[in-house]
Amino acid sequence: MARMMDANAQLAQPLTAEALMREMLIQSALENAAEAQDIGLPADRIIISCKVSSVQDLIKVYRDLGSRCDYPLHLGLTEAGMGSKGIVASTAALSVLMQEGIGDTIRISLTPEPGESRTKEVVVAQEILQTMGIRSFTPLVTACPGCGRTTSTFFQELAQKIQHYLRDQMPIWRNEYPGVENMSVAVMGCVVNGPGESKLANIGISLPGTGEVPVAPVFVDGEKTVTLKGEGIAEDFKLIVDEYVRTHYAEGGRLRQAVTSKLPKTIPLKAI
Ligand code: SF4
């Protein structure tokens, strides 16, 4: 640091303090990696991490590092913070870099709320990779934001319940139903605009909005299959999700899918 500061001071156009700090980090990382190789560590056993806590600095450091070496890079915004601030800052920094093809492993550093589980860091990391289309880990639920057409929290509760259910099932499903992590589920708040999004998901449900008839149409792969109503909508919808997973991702699921696609569209899925 002292050596580089002295050299910088001699330059006709010295680097700013921020630029010099970034250059020190990069040179330190590269020099340490080279020394490790000198004492016998193979290059393919080295991963460089050069974390900083500012989003713009992190992007600049890793862009530069990526252009100056072939080592795999571990990305992470250190001291990102708590709650949505930490998630937003990490996502902003890492998604820019990953979109440019920079980075090989990631870590999300969140300060947990008191009593909160540390697994949130892993969930956020997985969701960043999945929403960017890089790698899928668990089926994700698409839910509308709600608006004047929704007066209750039922659709929010259902979306949350289903997302938790899907995540809880993954330790079993991962082995039994390969590919299930790519399944998409939509939970929408009204039957006026909800079906549009429902049709784009593998399974979508539109719950009755304000003043609408209390029924919830379900779409499976773009086709309306059944209309749910009554107290058990959430449980019935879970059964439909289970059935879809069994028939589409289990061994032989493709054969079952081919058979069911020939059946009349008016038969409820769970009756098959
Ligand atoms: S789907 Fe319906 S309830 Fe949800 S935001 Fe759109 S209009 Fe509002």
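The values are calculated or read from the model by the stated rules, or taken from the named source; none is laboratory data. Since the model is a prediction, treat every value here as computed from it, not as a measurement. Methodologically, a virtual Cβ is constructed for each residue, glycine included, from the backbone with ideal geometry; neighbour enumeration extends over all protein chains shown.
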*asked:* Quick check on this structure: which one of SER53, SER117, SER67 is in a helix (DSSP H, G or I) and either within 16 Å of the ligand (Cβ to nearest atom) or not aliphatic (A, V, I, L, M) (or both)?
replied: SER67
*Name the strands (runs of 3 or more DSSP E) wholly within the range 156-242 that hold at least 2 residues that are more than 20 Å from the chain's Cα centre (by Cα)?*
203-206, 215-220, 223-229
*Mind checking whether some residue in the range 72-80 is more than 22 Å from LEU129 (Cβ to Cβ) and not acidic (Asp, Glu)?*
no
*Just one of (1) away from the ligand (no atom under 16 Å from the Cβ); (2) crowded, with 19+ Cβ neighbours inside 10 Å; (3) outside any loop (DSSP other than H, G, I, E, B); (4) within 17 Å of the chain's Cα centre (by Cα) trips up ALA92, so point out which.*
(2)
*Of all the residues that make up the range 19-50, how many are under 33 Å from the mean Cα position of the chain (by Cα), in a helix (DSSP H, G or I) and over 19 Å from MET4 (Cα atoms)?*
3
*If only one of GLY209, GLY179, GLY148, GLY196 is of a type outside the set (A, V, I, L, M, F, W, C) and touching a Cys at 6+ places or on another chain (Cβ under 7 Å), which one is it?*
GLY209
*Tabulated pairs, the range 189-204, first β-branched (Val, Ile, Thr), second within 12 Å of the ligand (Cβ to nearest atom) and at pLDDT 90 or above, C-beta under 7 angstrom, 6+ apart or interchain*: VAL191/SER206
